[in-house]
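> Just dropping this structure here.
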Amino acid sequence: MHRFRLVAAACVLLMAQAAFAQQNEWIEYKNLEDRFAINTPGQPTVEKTMWTSEYDSKFPEVIYRWTDGPNRYSVSVVDYSDSEAIYTANHHTDDFSAPAYWQIDILGSIQWAASQLYRLKPGVKVTFDNFHYINLVTGQQLTVINPDMTRTYVAIYLHENRLYILDATVARNAPAPIAFQQSLEFLDAEGKSVRYRTYYFDKLPEPKLGRRGAGQGTQGPPPDPGAPVNGGQGGRGAGAPR
């Protein structure tokens, strides 16, 4: 009888392990709407929210989330393609009314996200912060240690004016989530993987509202967002009104 109980208990344990493994089976997840593919532990939960840019524009953001035991994964996609219209519709002071700023909002979006979400987060220690690329699409990677000693592996890319933020937070002694972080692919309108022959840097949208920005027909040099204004007060970084 004792041996029978041991065998029965072992069978229950194996069935539970099998069910857990099946629940967390990794797949290639493809999203045609936001044009990316990535290896993930199953299907995501989806949250639609708004992203606040460096120059206070509000952009639609979709966050895809997964869990696998104690580990958490997410891909956030921010659509910057309407930056000109959104920025122009906002009220800005004269110092920040130039058309170049909606372009700067896009061009600086990787570093803005890295600073706001990770570099400046209280209690976080950044252990890696460097330029990176995947499938020749350029971006930034970070690794941070959180206050609870979990580790977050971050990758941020800008492709066709969409900002992609990959976040993998794993247990203290867990291996680096390479299967997640290195499997990202960008998709075209037909759902096929995009391949480049050289490094890809984001191309700004064409202006539609009649005023052209930096490098697109402006007379004279574009405004410097860090230049002193109003009697020596700094630009965006110094907290000047926008």
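> Which ones in the stretch 178-187 are surrounded by 13 or more Cβ atoms within 10 Å (Cβ to Cβ) and either of a type in the set (Phe, Trp, Tyr) or farther than 29 Å from residue 54 by Cα (or both)?
Residues satisfying the conditions are 179, 180, 186.
> Keeping to the stretch 25-45, report how many residues are over 22 Å from residue 190 (Cα atoms) and without any contact (Cβ under 8 Å) to a residue 60 or more places away in the chain. Spell out how you get there, then give the answer.
Initial filter on the stretch 25-45 (over 22 Å from residue 190 (Cα atoms)): 25-26, 41-42, 45.
Checking the rest, the ones that are also without any contact (Cβ under 8 Å) to a residue 60 or more places away in the chain come to 25, 41-42, 45.
The qualifying residues number 4.
> Select from the stretch 71-120 the residues that are in a helix (DSSP H, G or I) and free of Cβ contacts under 8 Å to residues at least 40 places away in the same chain and list them in ascending order.
So the first thing to find is which residues in the stretch 71-120 are in a helix (DSSP H, G or I), and the list is 83-89, 94-96, 100-107, 109-119.
Hits for the stretch 71-120 are 86, 87, 89, 94, 111, 115, 116, 118, 119.
> Determine which single condition residue 83 fails, assuming it passes every other condition in (1) among the hydroxyl-bearing types (Ser, Thr, Tyr); (2) touching a strand residue (DSSP E or B) at 6+ places or on another chain (Cβ under 9 Å); (3) surrounded by fewer than 18 Cβ atoms within 10 Å (Cβ to Cβ).
With respect to (1) among the hydroxyl-bearing types (Ser, Thr, Tyr); (2) touching a strand residue (DSSP E or B) at 6+ places or on another chain (Cβ under 9 Å); (3) surrounded by fewer than 18 Cβ atoms within 10 Å (Cβ to Cβ), residue 83 is out only on (3).
> Continuing with the same structure: Name the single residue that is surrounded by the most Cβ atoms within 10 Å (Cβ to Cβ) among those in the stretch 28-69 being among the acidic types (Asp, Glu) and farther than 30 Å from residue 100 by Cα. Outline the logic, then answer.
Going residue by residue through the stretch 28-69, those that are among the acidic types (Asp, Glu) are 28, 33-34, 47, 54, 56, 61, 68.
Still in the list and also farther than 30 Å from residue 100 by Cα: 28, 47, 68.
Details: 28: 10, 47: 12, 68: 18.
Once the filter is applied, the top-ranked residue is 68.
> For the stretch 86-127, name all the residues that are of a type in the set (S, T, N, Q), surrounded by fewer than 16 Cβ atoms within 10 Å (Cβ to Cβ) and closer than 30 Å to residue 148 by Cβ.
111, 115, 116, 127
To keep it simple, each residue is scored yes or no on (1) surrounded by 13 or more Cβ atoms within 10 Å (Cβ to Cβ); (2) under 22 Å from residue 25 (Cβ atoms); (3) at pLDDT below 95.
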{"position": "149", "(1), (2), (3)": "no, no, no"}
{"position": "152", "(1), (2), (3)": "yes, no, no"}
{"position": "160", "(1), (2), (3)": "yes, no, no"}
{"position": "166", "(1), (2), (3)": "yes, yes, no"}
{"position": "169", "(1), (2), (3)": "yes, yes, no"}
{"position": "174", "(1), (2), (3)": "yes, yes, yes"}
{"position": "189", "(1), (2), (3)": "no, no, yes"}
{"position": "200", "(1), (2), (3)": "yes, no, no"}
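> Let me ask something else about it. From the list 143, 152, 138, pick out the single residue that is out of contact with any Cys (no Cβ under 6 Å at 6 or more places or on another chain), in contact (Cβ under 8 Å) with a residue 40 or more places away in the chain and either on the phi < 0 side of the Ramachandran plot or not hydroxyl-bearing (Ser, Thr, Tyr) (or both).
Working: 143 fails: in contact (Cβ under 8 Å) with a residue 40 or more places away in the chain; 152 fails: in contact (Cβ under 8 Å) with a residue 40 or more places away in the chain.
One residue alone meets the criteria, 138.
The values are calculated or read from the model by the stated rules, or taken from the named source; none is laboratory data. Everything numeric in this text was worked out from a predicted model, so none of it was measured. Neighbour counts run over all protein chains shown; Cβ positions are idealised from the backbone, glycine included.
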